[in-house]
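Just below is one structure, and these are the notes that go with it.
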Amino acid sequence: MTPRERLLATLHGETADRVPVSPFIQEQYLSWYYPDRPTVDRVTDAVELANELDFDLMAKHNRFQRPHFLRRSYPNWQLASSREFDGRIIRYRTTIATPHRTLVQEEAVEEIGAATIGAMRVTTKHLLETREDVEAFLEYLPPLDDEERRVMRQTVAGWQALLGDRGVLAPWGFAGVFNFAADLRGSETLFMEPIEDETSYRGLMDRMADAQSEYCQALVEAGADCVGIQGHIANAGTVSSAFFREYIQEYEKRLIDAIHSAGAFTVFHNCGRARRLYPNYRELGMTLWETISEPPAGDNNLAQAKAELGDTICLLGNLDQIHFLKTATPTEVADRTRQVMSIGKPGGRYIFAASDFLEPGTPRENVVAMLEAARDSGGY
């Protein structure tokens, strides 16, 4: 099987020739691996790396992670942006003028060379700090237009040409519904709002679920095989299963179902605590959940996750890339890889990877040992 065929078969719940081996590759590792390159890209350079090291690539580009309405102006939505750099921190300011209110968002990120484009910005001033902000945002929020759809089609076609049979396209949409709403309002505000003002909370969540569904369906229509959904803010360390089911689950499921109905797979990302949300995840019905992180990064256990979810949901993970992969010997890495594979492989619906993206400073020989051991022990 080609890497693409192997990944697609596994995502369909079928048995491939072997378990796909698909480490999460983004700018941090690419810029470290290719230190002389002024820029790196999650498709262009990741394909080159996958060809060199021979792994099955899930190309998780973030080109469309920032939604259209935070990138340009529309009628009744005049957007201006600025950028300041003090030698260490880049500060971004986005101002949106609507007929009734001006909305402002401020973000910051540490400048880390070519990897900066892949680093998550920290929101220091939220776009929707008051209920009046929310009302103006919902009244004038621009729909997805033909120009944005054209850009998606053109961009995804270019990615497809570069990727070929080396893997599948799994770009990020603009987060999960709760994640994105939390970025707009602030996490503390959003966690409290269902209790303090449920009507306002549900109004925002409804609109975001609809907007994200339309946006992600357009990505699928453009040719994406999968769409990434960020779901790590409402994790098992911050909410109960009951809270998740009452106030979050219906919106994430609406997004997941919309992507599935358009003909693509869903990749739900929670790289931390999740164990008490397993029943919720089963009800959500995402195609794939990543990254099954075990302690100390998360509270999961791959064997338990397989037992509770593995008959319907594909699992991805879970070699510790933060500590173990960077410090162990190649022999230790190979041994641990085979142990993880022996747990994840039975019954299929499993993709081998580390517990999140490969870190800068991870020795090449350790990555090679991991990939070789995974390929050798992953056959069905």
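Remark: pairs (first residue in the range 86-100, in contact (Cβ under 8 Å) with a residue 24 or more places away in the chain; second residue open to solvent by 60 Å² or more (accessible area, probe 1.4 Å) and in a loop (DSSP other than H, G, I, E, B); Cβ separation under 7 Å; 6+ apart in sequence or on different chains) = ILE90/GLU111; TYR92/ARG121; THR98/ASN76; PRO99/ASN76. Selection of the range 38-53 for residues being over 17 Å from the mean Cα position of the chain (by Cα), in contact (Cβ under 8 Å) with a residue 60 or more places away in the chain and surrounded by 19 or more Cβ atoms within 10 Å (Cβ to Cβ) yields VAL40, VAL47, ALA50. The set of residues in the range 1-37 being open to solvent by 10 Å² or more (accessible area, probe 1.4 Å), in contact with a helix residue (DSSP H, G or I) (Cβ under 9 Å, 6 or more places away or on another chain) and among the aromatic types (Phe, Trp, Tyr) consists of TRP32, TYR33, TYR34. Look at (1) surrounded by fewer than 19 Cβ atoms within 10 Å (Cβ to Cβ); (2) among the aliphatic types (A, V, I, L, M); (3) in a helix (DSSP H, G or I) and you find that ILE322 fails only one, number (3). Note on the range 219-230: residues that are surrounded by fewer than 21 Cβ atoms within 10 Å (Cβ to Cβ) and not charged (D, E, K, R) amount to 1. The set of residues in the range 329-371 that are under 21 Å from TYR34 (Cα atoms) and open to solvent by 10 Å² or more (accessible area, probe 1.4 Å) comprises ASP356, PHE357, GLU359, PRO360, GLY361, PRO363, ARG364, GLU365, VAL368, ALA369.
Of all the numbered requirements in (1) open to solvent by 10 Å² or more (accessible area, probe 1.4 Å); (2) modelled with pLDDT of 95 or more; (3) small (Gly, Ala, Ser), ALA305 misses one, and that requirement is (1). Quick check: anything in the range 253-270 within 14 Å of the chain's Cα centre (by Cα), in a loop (DSSP other than H, G, I, E, B) and not hydroxyl-bearing (Ser, Thr, Tyr)? Checking the range 253-270: at least one residue is within 14 Å of the chain's Cα centre (by Cα), in a loop (DSSP other than H, G, I, E, B) and not hydroxyl-bearing (Ser, Thr, Tyr). For the range 54-74, the criterion of being closer than 17 Å to TYR350 by Cα, surrounded by 17 or more Cβ atoms within 10 Å (Cβ to Cβ), under 21 Å from the mean Cα position of the chain (by Cα) and not hydrophobic (A, V, I, L, M, F, W, C) is met by at least one residue.
Residues to consider are PHE137, PHE174; find the one that is modelled with pLDDT under 95 and at negative phi. Talk me through it step by step, then tell me what you get.
Values: PHE137 fails: modelled with pLDDT under 95.
After applying the criteria, what remains is PHE174.
Taken over the range 114-132, the criterion of being of a type outside the set (Val, Ile, Thr), modelled with pLDDT under 95 and within 22 Å of the chain's Cα centre (by Cα) is satisfied by ALA114, ALA115, GLY118, ALA119, MET120, ARG121. Residue under question is GLY237, and the condition is that it be in contact with a Pro (Cβ under 8 Å, 6 or more places away or on another chain) and farther than 27 Å from ARG131 by Cβ; does it hold? The answer is no for GLY237. Which residues, taken from the range 323-348, are more than 16 Å from ARG18 (Cβ to Cβ) and touching a residue at least 40 places away in the same chain (Cβ under 8 Å)? Hits for the range 323-348 are LEU325, LYS326, VAL333. Residue pairs whose Cβ atoms lie under 8 Å apart, separated by 6 or more positions or on different chains, with the first residue in the range 56-82 and outside any loop (DSSP other than H, G, I, E, B) and the second open to solvent by 60 Å² or more (accessible area, probe 1.4 Å), are LEU79/ARG71; LEU79/ARG72; SER81/ARG93; SER82/ARG93.
The values are calculated or read from the model by the stated rules, or taken from the named source; none is laboratory data. The structure displayed is predicted, hence computed values, not measured ones. Neighbour counts are summed over all protein chains in view; Cβ atoms, including those assigned to glycine, are modelled from backbone coordinates with ideal geometry. For accessibility, only protein heavy atoms count, side chains too; no ligands or nucleic acids. Shrake-Rupley method; radii C 1.70, N 1.55, O 1.52, S 1.80 Å.
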